[in-house]
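In what follows, a structure is listed as structure tokens, so that the remarks can point back to it.
The values are calculated or read from the model by the stated rules, or taken from the named source; none is laboratory data. All values reported here derive from a predicted model rather than from experimental measurement. All Cβ positions, even for glycine, are placed from backbone atoms using ideal geometry, and neighbour counts span all protein chains on display. Accessible surface areas use protein heavy atoms only, side chains included; no ligands, DNA or RNA. Shrake-Rupley method; radii C 1.70, N 1.55, O 1.52, S 1.80 Å.
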Amino acid sequence: MLGKYPVFPPTDSEFEDSPKLDKYDVVVIGGGGGGYHGAFELSKGGLKVLMIDDKGNLGGNCLYEGCIPSKAVYMTIYLMEKIRGILNSVGSKDINAVRVLWENAIDHKDNIQYIRYLQHIREIKEHENVDFVKGVAEVIDEHRVRVRAVDGSWSKDIEARQLLIATGSAPIRIPVPGADLAIGSQELFGYKTSYRKIPSDVVIIGGGYIGVEVASVLGSMGIKATIVEMLPRILAGWDNEIVSKIEEKLRSKGVEILTNSKVVGIRNEGGQKIVEFERSDGSRGYVAGSEVIMAVGRKPMWRDLTGLALLRRGTLRLPQQ
């Protein structure tokens, strides 16, 4: 839900005030990669731009819980593997001293996120024609937006010649019993996440690139990971030869891959989380883990943007779900 985060990124005090003007050339809703690049380029052309983001900073999900923090964690583990490999190749007795705990990798990615957020604050202030506001936007019609503070302390209607909607996406949670027992990218990689330790065995629902990346990282740390994928292969749409190589590498890390397995439910049992799935032949099976990670894709995040009345009038054309 917009404006709801366990921990908000750092912001600037002036970004928490209501918009300075009543009318702008362009209002950009969303400060992710699609929003802020557009806002900056429009401002260079002399247009007065208002950019609104509920996190109070730029980078969207990519910086808050996505590609940047996940790659920071991945590279930490990757470098650990390389150092261990070098020590092993020369017969060093210190190989077992090279260890990285999950919480160490999370601390590292938190620091990278923090530095990037500070850089983004400077970037915003370097663009004179851009006003940035930490808030939640509601589209009234094609030329008007209502902006309110995340804490509800103020609300203001803004007029604009053009609207740029760049609200990004949100993780999909499959509609099965027990889906709320699974965690996702926000718990794993969210800014200053409270989830600092990973158990010894994990079930990952989804064999796309996010699920595969997480499985690879966990496998590198000696954590037992099982991927449950409903399609015949992981990484659907990728070149078969490449996928075969990736599968081989994952299995070398102890990752189990279950394909043609559609998840039908998750439950707690005996201190474990049980993921039940249905095979393509109709038979059922299950796999157990101390934690379940859901990585089944993302969907457009627009439901909190506008009311159903506006959609019924056909004022906006929004993507179907």
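Counting only strands (runs of 3 or more DSSP E) wholly contained in region 140-182, the ones carrying 1 or more residues that are open to solvent by less than 40 Å² (accessible area, probe 1.4 Å), within 30 Å of Asp201 (Cβ to Cβ) and among the small types (Gly, Ala, Ser) occupy 169-171. Which residues, counting only those in region 208-218, are over 16 Å from the mean Cα position of the chain (by Cα) and over 23 Å from Gly271 (Cβ atoms)? Those that are over 16 Å from the mean Cα position of the chain (by Cα) and over 23 Å from Gly271 (Cβ atoms): Ser216, Val217.
Quick one: is Ile205 in contact with a Gly (Cβ under 9 Å, 6 or more places away or on another chain), touching a residue at least 40 places away in the same chain (Cβ under 8 Å), closer than 29 Å to Arg84 by Cα and crowded, with 20+ Cβ neighbours inside 10 Å? Against the criterion (in contact with a Gly (Cβ under 9 Å, 6 or more places away or on another chain), touching a residue at least 40 places away in the same chain (Cβ under 8 Å), closer than 29 Å to Arg84 by Cα and crowded, with 20+ Cβ neighbours inside 10 Å), Ile205 does not qualify. Here Met230 fulfils each of the conditions (1) among the hydrophobic types (A, V, I, L, M, F, W, C); (2) modelled with pLDDT of 95 or more; (3) farther than 22 Å from Arg173 by Cα apart from (3). With respect to the conditions (1) closer than 20 Å to Gly3 by Cβ; (2) surrounded by fewer than 16 Cβ atoms within 10 Å (Cβ to Cβ); (3) not small (Gly, Ala, Ser), Val27 lacks only one, and its number is (2). For region 251-274, the tally of residues that are open to solvent by 60 Å² or more (accessible area, probe 1.4 Å) and free of Cβ contacts under 8 Å to residues at least 24 places away in the same chain stands at 5. Among the residues of region 120-133, those that are outside any helix (DSSP H, G or I) and either at pLDDT below 95 or open to solvent by 30 Å² or more (accessible area, probe 1.4 Å) (or both) comprise Glu126, His127, Glu128, Asn129. Counting only residues that are part of a helix (DSSP H, G or I) and within 21 Å of Met294 (Cβ to Cβ), region 221-246 holds 1 of them.
Evaluated against (1) under 28 Å from the mean Cα position of the chain (by Cα); (2) acidic (Asp, Glu); (3) open to solvent by 20 Å² or more (accessible area, probe 1.4 Å), Asp22 falls short on exactly one condition, (1).
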